[in-house]
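*Asks:* Sending over a structure as structure tokens; questions will come in a sec.
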Amino acid sequence: MSRNTTVRRSARIMVGAMTLGVLAACGGTESDGDAAMASASAPAGTLTAEEIEAAMVDGGDVPDHQVGAREKADRYDESEVGATQPECAVQARMALGMSIGDPVATAQRTAMGNPRGAKTVGGDLVKTTVTLATYKGKGKDEALYDMGTASTACRQGFILKLRGKQTPLQSPQQQIGPERLDFAKEFGWYVLTGGPGSDVPTRKVLIVGSGHTLGFFSRTYPGADAGPEMMPFPVDVARAQWKKLAAG
């Protein structure tokens, strides 16, 4: 069986702690017309560096958030991120706001806000990293395949190696996934957390795909995962980004 056939056949099934799939219709926070426009009109081909940069959310594009450039201290080189299980470096990199695979162009932003229903400490704003990556040929399919492999290999936990520091993480299987993904043709999600009682930040990661482009959205919460009700996935940010990408 070929690698890409495996990717296609894994659509709409649970693979470890992450779901990869083609969206079935579900409700949305915006109009059905907005969702249909975002899904149907997202660019199908490989974008140039200029096109992907122009398609990024900015300023006040995301409701209840302010969007700006990623700070240098918040950017990571691939060599700085590793894991005790090599496959798990894929999950770690996406959670840190990095792209995976071999994209031909990427662009990044940081969205700071207080999402509805989010559990915060002292009213602190929640950070969501936004990364768009565009691929040539089968590059996106290969990245999706690597996601599925990582989710199976990393369900029992691993040690994150980040800039010389080691941190135990786990990716628990999610019984309840993000809602209102009607704008996405392809999507996936997972959670990285230190586990109950840990002070390691929980990261809720959402991946959205269309054509030759993938969007990686990682939202950071303090402490252990309190569930989707108190720590929602960054669907609001992803929706705004995909709408702008489609309007391109």
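*Asks:* Could you please find all residues in the stretch 56-86 being in a loop (DSSP other than H, G, I, E, B), under 17 Å from the mean Cα position of the chain (by Cα) and in contact (Cβ under 8 Å) with a residue 40 or more places away in the chain?
*Replies:* Filtering the stretch 56-86 for residues in a loop (DSSP other than H, G, I, E, B) gives 56-58, 60-64, 69-71, 75-77, 84-86.
Those still in the list that are under 17 Å from the mean Cα position of the chain (by Cα) too: 56-57, 62, 70, 75-76.
Across the stretch 56-86, the qualifying residues are M56, V57, V62, R70, Y76.
*Asks:* Also, I was wondering about something else. When residues of the stretch 138-156 are filtered for being surrounded by fewer than 22 Cβ atoms within 10 Å (Cβ to Cβ) and part of a loop (DSSP other than H, G, I, E, B), how many remain?
*Replies:* The number of residues fulfilling the criteria is 3.
*Asks:* Out of everything in the stretch 199-221 that is over 14 Å from T128 (Cβ atoms) and more than 15 Å from the chain's Cα centre (by Cα), what residue ends up being modelled with the lowest pLDDT? Steps first, answer last, please.
*Replies:* Going residue by residue through the stretch 199-221, those that are over 14 Å from T128 (Cβ atoms) are 199-200, 209-214.
Right, trim to more than 15 Å from the chain's Cα centre (by Cα) and you get 199-200, 211-212.
On the way: D199: 80, V200: 86, G211: 91, H212: 94.
The residue in question is D199.
*Asks:* Further, regarding this structure: Quick one: in the stretch 116-139, which of the residues that are at pLDDT 70 or above and of a type in the set (A, V, I, L, M) is farthest from A44 (Cα to Cα)?
*Replies:* If we filter the stretch 116-139 for residues that are at pLDDT 70 or above, which is where we start, we get 116, 124-139.
The next check asks that each one be of a type in the set (A, V, I, L, M); those that pass are 125-126, 130, 132-133.
Details: L125: 34, V126: 32, V130: 20, L132: 14, A133: 13 Å.
Among those residues, the one meeting the criterion is L125.
*Asks:* Out of the residues in the stretch 128-145 meeting the condition of being in contact with a His (Cβ under 9 Å, 6 or more places away or on another chain) and of a type in the set (D, E, K, R), tell me which one is nearest to G209 (Cα to Cα).
*Replies:* K140
*Asks:* Kindly list the number of the only condition in (1) of a type in the set (A, V, I, L, M, F, W, C); (2) part of a loop (DSSP other than H, G, I, E, B); (3) under 18 Å from D74 (Cα atoms) that fails for F217.
*Replies:* F217 satisfies all of (1) of a type in the set (A, V, I, L, M, F, W, C); (2) part of a loop (DSSP other than H, G, I, E, B); (3) under 18 Å from D74 (Cα atoms) except (2).
*Asks:* Considering A153, A184, which residue is in contact with a Phe, Trp or Tyr (Cβ under 8 Å, 6 or more places away or on another chain) and modelled with pLDDT under 85?
*Replies:* Values: A153 fails: in contact with a Phe, Trp or Tyr (Cβ under 8 Å, 6 or more places away or on another chain).
None of the others qualify; the one that does is A184.
*Asks:* Would you confirm, using the coordinates I've provided, whether I100 is crowded, with 20+ Cβ neighbours inside 10 Å, outside any helix (DSSP H, G or I), among the β-branched types (V, I, T) and on the phi < 0 side of the Ramachandran plot? Spell out the reasoning first.
*Replies:* On the way: crowded, with 20+ Cβ neighbours inside 10 Å: yes; outside any helix (DSSP H, G or I): yes; among the β-branched types (V, I, T): yes; on the phi < 0 side of the Ramachandran plot: yes.
Yes.
*Asks:* Looking at (1) at positive phi; (2) not in a loop (DSSP other than H, G, I, E, B), which one does V205 not meet, given that it meets all the others?
*Replies:* (1)
*Asks:* Among the residues of the stretch 25-47, are any at pLDDT 50 or above and more than 19 Å from S210 (Cα to Cα)?
*Replies:* Scanning the stretch 25-47 turns up no residue that is at pLDDT 50 or above and more than 19 Å from S210 (Cα to Cα).
*Asks:* Suppose we filter V208, V235, V200 for residues that are touching a Leu at 6+ places or on another chain (Cβ under 8 Å) and farther than 20 Å from V90 by Cβ; which single one remains? Quick ask: steps written out before the conclusion?
*Replies:* Details: V208 fails: farther than 20 Å from V90 by Cβ; V200 fails: farther than 20 Å from V90 by Cβ.
Just one listed residue meets the conditions, V235.
*Asks:* Here's a follow-up. How many residues, within the stretch 172-195, are of a type in the set (S, T, Y) and under 14 Å from the mean Cα position of the chain (by Cα)? Steps first, answer last, please.
*Replies:* Of the stretch 172-195, the ones of a type in the set (S, T, Y) are 190, 193.
Cutting the leftovers down to under 14 Å from the mean Cα position of the chain (by Cα) gives us 190.
Residues flagged as of a type in the set (S, T, Y) and under 14 Å from the mean Cα position of the chain (by Cα) within the stretch 172-195 amount to 1.
*Asks:* Filter the stretch 157-172 down to the residues that are in contact with a Ser or Thr (Cβ under 9 Å, 6 or more places away or on another chain) and part of a loop (DSSP other than H, G, I, E, B), then identify the one that is surrounded by the fewest Cβ atoms within 10 Å (Cβ to Cβ).
*Replies:* P172
The values are calculated or read from the model by the stated rules, or taken from the named source; none is laboratory data. Keep in mind that this is a model prediction, so the values were computed, not measured. Note that we place each Cβ from the backbone using ideal geometry, even for glycine, and neighbour counts take in every protein chain shown.
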